[in-house]
Amino acid sequence: MSNHVDDWSRDGYLAIPVVLSADEVEALRAAVARISDRATAIGSNTDHYRLHISEADDGDIGEIALQQVAEPHELGSEWMDLARDPRVLN
C-alpha cells in the first residue's frame with residue numbers, strides 16, 4: 001500500500017476511492033451545477049466567481065465558463081458539511 005504523503009508529494013493530489021456514496025457524489029455534482037448556472041447567469045467576475053469569458057467571432061460575448069469558486073461554503077451548506085465529514089477528515 002502506498003503512503004498518502006508520498007502520493008501527495010509526487011502527484012499534488014490524493015485519489016481515495018469510495019469515500020462518498022454515489023448518492024452523495026450526485027448531490028455534490030448537482031450543487032456544482034447550481035453554482036455554475038448562477039455564476040454564468042451573472043456573466044461577470046464577482047467576489048465568489050471567476051469566469052472565463054470568450055469572445056465570439058462577431059466580437060460579442062461567446063461562451064462563459066466558471067473557472068474558480070471562492071468561499072463555496074457561503075454558497076451552499078453541503079460544502080461545509082463535506083469539509084466537516086469525518087470520512088474526509090480521517
Based on the alpha-carbon set only, what is the convex hull volume of the stretch 43-84 divided per residue, in Å³?
61
Farthest towards the positive end of the dipole of the chain, among ILE64, ALA30, ALA83 and with Cβ unit charges of +1 on Lys and Arg and -1 on Asp and Glu, lies the Cα of ALA83
Relative contact order, percent, the stretch 43-84 [alpha-carbon distance under 8 Å, six or more residues apart]:
31
Between Rg and the Kirkwood Rh of the chain, both from Cα atoms, what is the Rg to Rh ratio?
1.09
Whole-Hz Karplus ³J(HN,Hα) for the stretch 42-49, in order, using 6.51 cos²θ - 1.76 cosθ + 1.60 and θ = phi - 60°, x for Gly and Pro?
5, x, 8, 5, 9, 4, 9, 10
Per-residue HN-Hα couplings for the stretch 50-65 [Karplus 6.51, -1.76, 1.60; θ = phi - 60°; Hz; x = Gly/Pro]:
10, 10, 9, 10, 8, 9, 6, 4, 8, x, 6, 5, x, 7, 10, 10
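Here, each number is a calculation from the coordinates, and none is a lab measurement. All values reported here derive from a predicted model rather than from experimental measurement. Reconstructed Cβ throughout: ideal geometry from the backbone, glycine too, with neighbour counts over all protein chains shown.
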